Each structure stands twice: as C-alpha cells, then as structure tokens.
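Worksheet: one structure, shown below.
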Amino acid sequence: MKKKYLLTSFMSFLMFTQLYGVDGYEVYKSKCSQCHIENISKADVVKNFATMKAPPMVEVANQVKGNIIIADDDEDVHRHVVKLFIKDYIDNPFLDKSMCNPMALERFGVMPSQKGKLSADEKEAVAEWIYERYEGVRFK
Ligand code: HEC
C-alpha cells in the first residue's frame with residue numbers, strides 16, 4: 001500500500017515538473033516586465049504615461065482575450081487561440097496584428113521582436129500565465 005502511494009506521488013511529481021518546469025511568472029518578470037507593468041489602473045496609467053514603455057500587461061491581456069471570440073464559446077479553444085496569438089506576437093510583432101489602440105501605438109511604437117530570447121517552453125509558460133493571471137481582472 002505504502003509503496004504504491006510513494007510510486008504514485010513520485011509519478012505525479014515527475015508530471016508536475018514536466019508540465020510546469022518553466023514558471024510563467026518568472027518568465028514574465030525576466031522577459032516582459034521591463035516594458036509591460038503587471039497591473040495598474042487606467043488613472044495611474046495617465047499619471048505614469050511619460051515613463052511607461054508599453055501598455056500594461058493587464059491591458060494587453062484584456063484586449064487579446066476580449067477581442068478573440070470563439071463561435072461556440074469553447075473555453076479550451078479560446079485559451080489555445082489567445083496563447084497562439086501571444087506566442088506569435090513575442091517573435092513576430094507587427095503593426096497590422098496589434099490590437100493596441102492608435103494613441104498608444106503612436107506613443108510606444110510597435111513592440112520590438114523578442115525572437116531568440118525565449119525558448120518554446122518559456123513562450124508557452126508565459127502565454128499560459130497571462131491567460132490565467134488576468135482571469136476576471138479588468139483593466140479599469
Ligand atoms: C522592449 C519592450 C517590450 C518587451 C520586452 C515586451 N514587449 Fe510586448 N509590447 C511592447 C509594446 C511597445 C507594445 C505595444 C505596441 C504593439 O502592440 O506592438 C507591446 C505589445 C504586446 C502585445 C500585443 C498587444 C495587443 O493588444 O495587440 C503582446 C501580446 C505582448 N506585447 C506580449 C509581450 C510578452 C509576452 C512579452 C515578454 C515575453 C513582451 N511583450 C515583451 C513592448 C515590449
């Protein structure tokens with residue numbers, strides 16, 4: 001009985017480290033936070049606009065999650081497509097793809113490509129983190 005329990009916990013440990021080997025929040029902190037503030041109100045954005053380098057991540061998440069609408073409202077498909085957009089944008093940011101509002105785009109310019117700075121696992125982890133972190137968190 002005990003042996004079986006140990007084996008099961010060891011196996012869940014292995015699966016855990018395999019799936020969550022890369023911490024999305026750590027990736028955000030080291031690769032995105034120098035430009036994207038994690039969470040800030042619209043009022044504070046106005047106050048800090050002069051020193052900001054990019055739209056805050058809470059706004060990015062709201063925009064991308066809100067603008068991508070899946071026909072049958074399937075949450076898994078929505079998550080998948082939102083994450084694809086984010087992972088692609090990290091490597092290939094492009095004016096025509098940006099959902100950023102024109103005023104912010106004029107102020108910040110298009111995001112510089114981060115190609116080669118993140119591994120595939122890091123991109124996956126940070127995209128997943130962005131999706132989860134801002135569940136129910138409105139930019140207001
Ligand atoms: C050197 C600064 C900089 C870094 C580093 C940076 N970004 Fe950006 N990012 C920007 C700017 C500026 C914009 C707004 C203009 C645009 O949409 O391209 C932006 C826009 C985005 C958008 C598109 C938002 C939209 O509404 O269309 C996504 C998604 C994004 N960033 C994700 C990330 C992620 C994830 C990271 C970290 C892996 C990251 N960025 C790192 C500057 C940066």
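Readers should treat all values here as calculations from the given coordinates under stated rules, not as data from a laboratory. Everything numeric here is computed off the predicted structure, so don't read it as measured data. Ideal geometry is used to build each Cβ from the backbone, glycine not excepted, and the neighbour counts take in all protein chains shown.
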| request: In whole Hz, with x marking every Gly and Pro, tabulate ³J(HN,Hα) for region 107-120 from phi via Karplus 6.51 cos²θ - 1.76 cosθ + 1.60, θ = phi - 60°. | output: 6, 9, x, 6, 4, x, 4, 9, 3, x, 8, 10, 6, 4
| task | Could you please report the charge total around residue 128, scoring K, R as +1 and D, E as -1 over all other residues with beta-carbon less than 12 angstrom from its beta-carbon? | result | -1
| query | Going by average Cβ neighbours within 10 Å, how do the peptides 73-80, 32-39, 51-58 rank, with the highest at the top? | reply | 51-58, 32-39, 73-80
| Quick one: Karplus J couplings for region 72-77, per residue in order, coefficients 6.51, -1.76, 1.60, θ = phi - 60°, nearest Hz, x for Gly and Pro? | 9, 6, 6, 5, 5, 5
| message | Once the convex hull of the alpha carbons of the chain is built, what does its volume come to per residue, in cubic angstrom? | response | 139 Å³
| Percent relative contact order of region 22-133, based on C-alpha pairs within less than 8 angstrom and at least six residues apart? | 39 percent
| Derived scalar couplings ³J(HN,Hα) [region 88-95; Karplus, 6.51 cos²θ - 1.76 cosθ + 1.60; whole Hz; x for Gly, Pro] | 5, 5, 4, 7, 10, x, 7, 3
| task | Report the label-to-label distance for residue 51 and residue 38 in nanometres (one decimal), using points 7 Å from each Cα along the Cα→Cβ vector. | result | 1.8 nm
| query | Which pairs, out of 83/115; 31/140; 65/123; 42/87; 115/140; 87/117, put more than 19 Å between their alpha-carbon atoms? | reply | 31/140; 42/87; 115/140
| remark: Kirkwood Rh for region 81-135 from C-alpha pairs, in Å, is 12.0 Å
| said: Let me check I've understood the local charge: for residue 39, count other residues with C-beta under 14 angstrom from its C-beta, Lys and Arg +1, Asp and Glu -1. What total comes out? | reply: 0
| What is the Cα centroid distance between region 99-140 and region 56-73, reported in whole angstrom? | 11 Å
